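Worksheet: the structure to be examined is printed underneath.
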Amino acid sequence: MRYFVTGKQMKQIDQDTIERIGIPSLVLVERAGLAVADAVEEIITSGHPDLSARDKNKKNVRILIACGTGNNGADGIVVGRILHGRGYEAVVFLGGNPEHETEEHRRQQKIAEALGVTMMRKTEDLSGNWDVIVDAVFGIGLAREITGEWKNILEQLSEIAKRDGAKVVATDTPSGIHSQTGHVMGTALRADLTVTFGYGKTGLFLYPGRNYAGKVRVADVGFSDVSLERVGWDCKSLEESDLADLPVRQSDGNKGTFGKVLVIAGSRGMSGAAYFSALSAYRTGAGLVKVLTVSENRAVIQTQLPEAVVSVYDPDQITAEEHSTDFLREACDWADVIVLGPGLGQEPYVEYLVEAVLEHAYVPMVLDADGLNTVASHPYLTRYFTENIILTPHMGEMARLCSCPISELREDPVQTVKAYSSRYGVTCVMKDASTLIADKDGTVWLNTSGCSAMAKGGSGDVLTGIIAGLLARGMDCDRASAFGVYLHGLAGESGSAKFGENGVLASNLADEIAKLA
Ligand SMILES: NC(=O)C1=CN([C@@H]2O[C@H](COP(=O)(O)OP(=O)(O)OC[C@H]3O[C@@H](n4cnc5c(N)ncnc54)[C@H](O)[C@@H]3O)[C@@H](O)[C@H]2O)[C@@H](O)CC1
Ligand SMILES: [K+]
C-alpha cells in the first residue's frame, strides 16, 4: 500500500520531521540530493548507451542542474556538488532573485563554492550541449502560475532538452506541475524520471502531471510514517504486494459459497455489455451468474456464455404500474450481488426498471452506465442510495450526475469524488485515465495500474463484472471497488503486452483477469 500526499501535507511532514523528531533539515536536503545524484548516475551508466560509453571519461558527460531559489534549488545544488565530486561535468544554474534564496540554499551554495563546483547565473549560459538536465526549479513550494523570467527559463530548458536529446530528471516534482492536482501551472518541464521524496505526491499520478513526471521513484530521505500518521495523507494506492489480501478461495466451497451475481443489463440489439459483465464476474470467481435482459438477447448470451443463467423480460411490459416490476423483486431476492446498468439504454421503461431495482435490492450493487444516466436524468432516484451501492461513472457520467462540466470536476478531482461519496453515502469510482475511488469513510484511492488499452468499448462493462466478482467472494463495497479497479488496470497491462495497446479487446481484459484475481 502506498500513501500519496499533497504538497501542503508534505510540508507539514517536513516540519514534523525537523521540529518534533529532530532530524536536521541539512540531513534531509543532503539525502534528497544524493538520491537524485544516484538516479542521474544510473541513467548515465545503464539507461543511455551513448552516455555509458562516454562515462569512461566522466568529464565528457555534461549535466546541467537548474535551481530555483527555494529548498528544491538547495537539493539541486547538492546534486551538482555530488556529481562534480564523482567526476562529471556538472554545472549548476542559479536562477531568480538571490534575495529570495532560502537559508538551506545559501548554505549549499557556500559548500559548493568551497569545492569548486561551477555555478552560473546568466540565462545565456543555459544553452550548452547537455546530456542530462536536472530540474530543481520548483518542488512542492510552487504556489502560483509561472510567468515572466521563470516561464522563459522553463520553456528554454524544454527546448534545449528536445534539441540535445537530454534526459530530464525532476527533483521531487517536475517544475510547473501542481503537486496536489497535477495541473500545469502556466508551463512545465517534462521529465523522464521524477525522484520524489518520502511519499508520492498526488499530482504526479493525476493527468497531466502523470505525463510530465515520467517514471516516478519515491526515495527514502529520512521521513517517517510517524509523521505521516500525525499529518495525514491525501490518497492511498494499491500495489502488487496488496494482491495477497484478496479473499482466498475456500477449498471446500460450493458455487453458493462464491456468491450469486445478477447482471441486469443489455437492451434490444445491445447484448455485449451484459455478456462482458457476466463473463468478468465469472472470471473473477463468482459462483453463479444470472443475466436478466430483454428477450431478444437470450439466444446470443446463451450461445456466448452458456455458463450463465439467462432470464428475460419484455420491455413493453414494464410500466409505472408496480406489479409490472414484480419479476425484478424476485430476481433481486435471489442475488447476493447486483450489477445494474450496462447497455440498458435510455428508453422510458428503464426509469421504472432502475427504480424498482434500487428500491428492492438489499445486497451490494454496482450501478453503471445507463443506470447512472437514468439517475442523472431522474435525480429523485438518489433517494434510494444506500451504503451498499457502488457507482462507477466515467467523467461524462459524473458530469451528468453532478450537473457540472468535466473541466470543473477536474479542478480538484480528489475532492470531487470525495464530496460525491460523502453527500450520498455511497462508494464512488470515478473512472478516468487515473481512476479515483472514494470510500464512504472519506478515504480516496488513486489507481496507478492500467494503460490506454482500457479506453475502449466494453472495458467499463468488464470492470462492473470484476467488482461484482470480488463482492461475491466476500469483499466489502469499498475494498472490492479499489481492488477491482486495480486488477482491471493490471489486466489492461498484461493484455497490452500480448496484443499491443491498440489491439486489446474487452474480452481480452476479462481473460487476463482470470490469472490475476
Ligand atoms: N527541509 C526541507 O524543507 C526539505 C525540503 N526539500 C525540498 O524542498 C522543496 C520545497 O522547498 P520550498 O518550500 O522552499 O519550495 P520550492 O523550492 O519548491 O519553491 C519555492 C520558491 O519558489 C517561489 N515560487 C513559488 N511559486 C512560484 C512561481 N509560480 N513563480 C515564481 N516563483 C515561485 C517561492 O516564492 C519560493 O521562493 C521540496 O520540493 C524538496 O525538493 C527536501 O530537500 C527535503 C527537506
Ligand atoms: K523540480
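The values are calculated or read from the model by the stated rules, or taken from the named source; none is laboratory data. This structure is a prediction, so every number in the text was calculated from the model and none was measured. No Cβ is skipped: glycine too gets one built from the backbone with ideal geometry, and neighbour counts run over all protein chains shown. Just the protein is used for accessible areas: all its heavy atoms, side chains included, with ligands, DNA and RNA removed. Shrake-Rupley method; radii C 1.70, N 1.55, O 1.52, S 1.80 Å.
Quick check on G186: is it assigned to a loop (DSSP other than H, G, I, E, B), within 16 Å of ligand 1 (Cβ to nearest atom) and open to solvent by 20 Å² or more (accessible area, probe 1.4 Å)?
yes
Go through the stretch 480-501 and give me each residue that's in contact with a Cys (Cβ under 7 Å, 6 or more places away or on another chain), of a type outside the set (S, T, N, Q) and either surrounded by fewer than 24 Cβ atoms within 10 Å (Cβ to Cβ) or without any contact (Cβ under 8 Å) to a residue 12 or more places away in the chain (or both). Please lay out each step first, then the result.
Of all residues in the stretch 480-501, those in contact with a Cys (Cβ under 7 Å, 6 or more places away or on another chain) come to 492-493, 496, 501.
Now drop any that are not of a type outside the set (S, T, N, Q), which leaves 492-493, 501.
E493, E501 - these are the residues of the stretch 480-501 that are in contact with a Cys (Cβ under 7 Å, 6 or more places away or on another chain), of a type outside the set (S, T, N, Q) and either surrounded by fewer than 24 Cβ atoms within 10 Å (Cβ to Cβ) or without any contact (Cβ under 8 Å) to a residue 12 or more places away in the chain (or both).
With respect to the numbered conditions (1) within 15 Å of ligand 1 (Cβ to nearest atom); (2) within 21 Å of Q156 (Cβ to Cβ), which one is the sole condition not fulfilled by E124?
Looking at each condition in turn, E124 falls short on (1).
Restricting attention to the stretch 354-368, which residues are assigned to a helix (DSSP H, G or I) and either open to solvent by 40 Å² or more (accessible area, probe 1.4 Å) or out of contact with any Gly (no Cβ under 9 Å at 6 or more places or on another chain) (or both)?
In the first step, residues of the stretch 354-368 are kept if they are assigned to a helix (DSSP H, G or I); the result is 354-360.
The answer is E355, A356, E359, H360.
Taking the condition of being within 18 Å of C67 (Cα to Cα), among the β-branched types (V, I, T) and touching a strand residue (DSSP E or B) at 6+ places or on another chain (Cβ under 6 Å), how many residues in the stretch 183-226 meet it?
3
If you take the residues of the stretch 233-266 that are of a type outside the set (A, V, I, L, M) and open to solvent by less than 10 Å² (accessible area, probe 1.4 Å), which of them is nearest to the chain's Cα centre (by Cα)?
Out of the qualifying residues, it is S237.
Look at A188 and say whether it is over 23 Å from the mean Cα position of the chain (by Cα), closer than 29 Å to V61 by Cβ and within 15 Å of ligand 2 (Cβ to nearest atom).
The answer is no for A188.
Out of the stretch 296-344, which residues are surrounded by fewer than 21 Cβ atoms within 10 Å (Cβ to Cβ) and of a type in the set (S, T, N, Q)?
Result: Q302, T303, Q304, S311, Q317, T319, S324.
Among the residues of the stretch 209-232, is there at least one that is modelled with pLDDT of 95 or more, within 30 Å of G343 (Cβ to Cβ), away from ligand 2 (no atom under 16 Å from the Cβ) and open to solvent by less than 10 Å² (accessible area, probe 1.4 Å)?
No - not one qualifying residue is present in the stretch 209-232.
Looking only at the stretch 108-119, decide whether some residue is at pLDDT 95 or above and within 16 Å of ligand 2 (Cβ to nearest atom).
First, pick out the residues of the stretch 108-119 that are at pLDDT 95 or above: 108-119.
Next cut, within 16 Å of ligand 2 (Cβ to nearest atom) only: 108.
Yes, the stretch 108-119 has at least one match.
When only residues in the stretch 369-427 that are aromatic (F, W, Y) and in a helix (DSSP H, G or I) count, which is least open to solvent (accessible area, probe 1.4 Å)? Spell out the reasoning first.
Quick first cut of the stretch 369-427, residues aromatic (F, W, Y) only: 380, 384-385, 420, 424.
Within this subset, residues satisfying the condition of being in a helix (DSSP H, G or I) are 380, 384, 420, 424.
Details: Y380: 78, Y384: 37, Y420: 14, Y424: 54 Å².
Only one residue fits best here, namely Y420.
Regarding N72, is this residue within 16 Å of ligand 1 (Cβ to nearest atom) and touching an Asp or Glu at 6+ places or on another chain (Cβ under 8 Å)?
Yes.
Please go through the stretch 3-30 and give me each residue that is open to solvent by less than 70 Å² (accessible area, probe 1.4 Å), on the phi < 0 side of the Ramachandran plot and more than 10 Å from ligand 1 (Cβ to nearest atom), ordered by number.
Listed by number, the residues that qualify are Y3, F4, V5, T6, Q9, D16.
Run down G96, G33, G76 and say which single residue is in contact (Cβ under 8 Å) with a residue 12 or more places away in the chain, surrounded by 16 or more Cβ atoms within 10 Å (Cβ to Cβ) and farther than 19 Å from A191 by Cα.
Only one candidate qualifies: G96.
Residues are listed down the side, and each one gets a yes or a no for (1) over 29 Å from the mean Cα position of the chain (by Cα); (2) under 22 Å from K167 (Cβ atoms); (3) without any contact (Cβ under 8 Å) to a residue 60 or more places away in the chain:
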site	(1), (2), (3)
K59	yes, yes, yes
L64	yes, yes, no
G70	no, no, no
G85	yes, yes, yes
E101	yes, no, yes
E104	yes, no, no
K122	yes, no, yes
D125	yes, yes, yes
R144	no, no, yes
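Do any residues in the stretch 399-414 that are free of Cβ contacts under 8 Å to residues at least 24 places away in the same chain have Cβ atoms under 7 Å from those of residues that are open to solvent by 30 Å² or more (accessible area, probe 1.4 Å) and not in a loop (DSSP other than H, G, I, E, B), where the two are at least six apart or on different chains, and which pairs are they?
Pairs that qualify, where the first residue is free of Cβ contacts under 8 Å to residues at least 24 places away in the same chain and the partner is open to solvent by 30 Å² or more (accessible area, probe 1.4 Å) and not in a loop (DSSP other than H, G, I, E, B), are A399/I406; L409/C402.
Would you pick out the residues in the stretch 151-178 that are over 29 Å from the mean Cα position of the chain (by Cα) and within 11 Å of ligand 1 (Cβ to nearest atom)?
I153
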